[in-house]
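K.L.:
Sharing a structure with you now.
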Amino acid sequence: MEDNYQDVLSKYYKFKAKYEEQYNVAKNKIKKKNLSKEAKSEMIRNLKRKCVNCEGEGGMLFTNEGRILKGICNAKKPCKFNIELNVERCVDIKLDLEKERDNLEEIMSDIIIRKLHLLFELEDEEVTIDEFNKLKPEYFEIKAMVDDAEEYMDNAKKMRDPETNDLVYRSEMYKKINLQLKNNITEFKDNLKKSYLSEVQNQKKAFLKDAMDIYVTKILNDQKFLRDIKYKYCDVEKTQVEIVDKQTGQTSTKNFNVMVQKEFLQKDINYTRENGGVVSNIYDVSI
Ligand SMILES: [Zn+2]
């Protein structure tokens, strides 16, 4: 099937959200009525949920079991609405690495034991050499994988020093710039103090100008750089949010500014092992 996984996944959540939203709108309408609490909850209990796709009474079923997302129509005469996805799996490389290291150690001790057996002729020599040779490729295969993963993780922790262009650890760079920032703040305060204490007008201005220069050219840069080191991505993003008017049930779209900070390493170290797949993507209404 050539349906795009991300597109279908987003469709699935849109249908699910719309289904919930319809229910919430209906519930809120009842809550606003001038009735007793009991009468209201009775009405809410009796609400007939409708399928978003065919409007059939009985609603829909959305399930998330065993990494399968499935949405179907639950009306008495169900429509053909059917979205089913195999959810992609992200593996934490750190956990994976630990498992492989254990595995590697096991193979290593196996090899050593077999070597000892060979030395002391405890087993039939040919059998031992055979088994020893069988283990070797597996050992090197896993070792290469562990080395790769370690290198990958190590590189993710490094960055280029803008001054020397050397690869350095982010944590070291952070310490260095943080110290630089502290010194610049001290210098900034010194100049402010000198300006404040000076009796000569020209000197007062000169110290103040120096302080401002330090602030603009050094302190702000240091702060920005520190953010860059810590956060790979730090920006204001516009995001569209659908807003449902609780009274009319009408939807409108609004733009919101959201400060996005994604901490470095978290996203980069996770990687996808199993891709997601679309099993079924059937619906009639546009959403
Ligand atoms: Zn339906």
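Nothing in this text is a laboratory measurement; each read-out follows from the coordinates by a stated rule. Computed from a predicted model, the values in this text were never measured in an experiment. All Cβ positions, glycine included, derive from the backbone under ideal geometry; neighbour counts span all protein chains shown.
K.L.:
Could I get the Rg over Rh figure for the range 164-232? Both from C-alpha atoms, Rh via Kirkwood, rounded to two places. Please report the intermediate quantities before stating the final value.
P.N.:
Working: Rg = 15.2 Å, Rh = 13.3 Å.
Answer for the range 164-232: 1.15.
K.L.:
May I pose another question? Put a dot 7 Å past each Cα toward the Cβ at Lys14 and Lys189; how far apart are the dots in nm?
P.N.:
Inter-label distance under the simple model: 5.5 nm.
K.L.:
Next up: Determine the sum of side-chain charges near Asn53: Lys and Arg each +1, Asp and Glu each -1, restricted to other residues whose C-beta is under 15 angstrom from that of Asn53. Before the final figure, lay out each step's value.
P.N.:
Working: positive: Lys11, Lys14, Lys16, Lys18, Arg49, Lys50, Lys70, Lys76, Lys77, Lys80; negative: Glu20, Glu21, Glu55, Glu57, Glu84, Asp284.
Combined, the nearby Lys, Arg, Asp and Glu give +4.
K.L.:
Among Leu35, Leu208, what is the fewest-to-most ranking by other Cβ atoms within 10 Å? Please report the intermediate quantities before stating the final value.
P.N.:
Numbers: Leu35 13, Leu208 16.
The most exposed by this proxy come first: Leu35, Leu208.
K.L.:
Exposure proxy check: Arg101, Arg45, Arg67 ranked by fewest other beta carbons within 10 Å?
P.N.:
Numbers: Arg101 15, Arg45 7, Arg67 12.
The fewest-first ordering by Cβ neighbours comes to Arg45, Arg67, Arg101.
K.L.:
Still on this structure: Under a crude label model (7 Å from the Cα following the beta-carbon direction), how far is Ile44 from Arg160 in nanometres?
P.N.:
A separation of 5.9 nm, rounded to one decimal place.
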